[in-house]
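Just below is one structure, and these are the notes that go with it.
Taken together, the values in this text are just the output of simple stated rules run on the coordinates, not laboratory data. Because the structure is predicted, anything quoted here is derived from the model rather than measured. Every residue, glycine as well, gets a Cβ built from its backbone with ideal geometry; the counts of neighbours run over all protein chains shown.
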Amino acid sequence: MALAEKYITSNIHWRVIFDGSLQRKEIPEIPIDAIREALFNSFCHKDYGACQSNEVAIYKDRVEIYNPGTFPAGFVLEDFISGNERPVRRNPLITSILYYSKDVESFGTGLKRISDACDEAGCRFDFKILKSGFVVVFYREESSSDVATPQDTPQDTPAVKQTTLRLCEQPRSREELMVACGLKDKKHFVTAYLKPLLEVGQIKMTIPDKPRSKNQKYIRA
């Protein structure tokens, strides 16, 4: 479960807000609470008798979390989003363990929690009932790299460097770092931020022998 969450959070866009406080605010394009709830919901309600696996798929415009377990017969989505229905437990032992370990808040509230978290964050989402299972879809923000802009907005250099170092606790691509820092000029970002951090040894390339590789990422040294 933790690996699935890490996989998603490492491959979506993050933006940083500098509001004058001592700590910057890093905000994901999809709320983490909603991602975590969707993963636990998928795990709890999987049909373990089916010869299919749970799936996490990341696309340019969306993230999908698929659960091979059909929706409870006779119910509609609003029954659970509104919170008026009693929970239907496909795997009561698994659900109970996750409840008592405090990984889930309460029984039968997963869809409502996903809906509330996305509404609060302004993230578009959808629930799709398939014959083969159930899918939670999170729609992604338009990548800033697709938007033409003449110049970057002036940034606080030390703050951008600190954000880059913070994000590089995990391998990050140049594009991911630029989006998180709110920068769009590749040459400026490489010259002003990336190269200086590489030169002083604070970050390193994951593929040092191929610096121009399309799969190149950066991580703290």
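Quick look at the values:
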quantity	calculated
Convex hull projection area averaged over all views, segment 151-220, Cα basis, nm²	4.2 nm²
Positive-end residue, segment 151-220 charge dipole about Cα centroid, Cβ charges, pick of Thr191, Ser173, Ile207	Ile207
Dipole magnitude (debye, nearest 20) for segment 151-220, charges at Cβ of Lys, Arg, Asp, Glu	260 debye
Ordering of 167-177, 55-65, 28-38 by packing [mean C-beta count within 10 Å, highest first]	28-38, 167-177, 55-65
Under 27 Å from Lys214, Cα to Cα: lysines that are on another chain or at least 8 residues apart	Lys6, Lys60, Lys161, Lys184, Lys186, Lys187, Lys195, Lys204
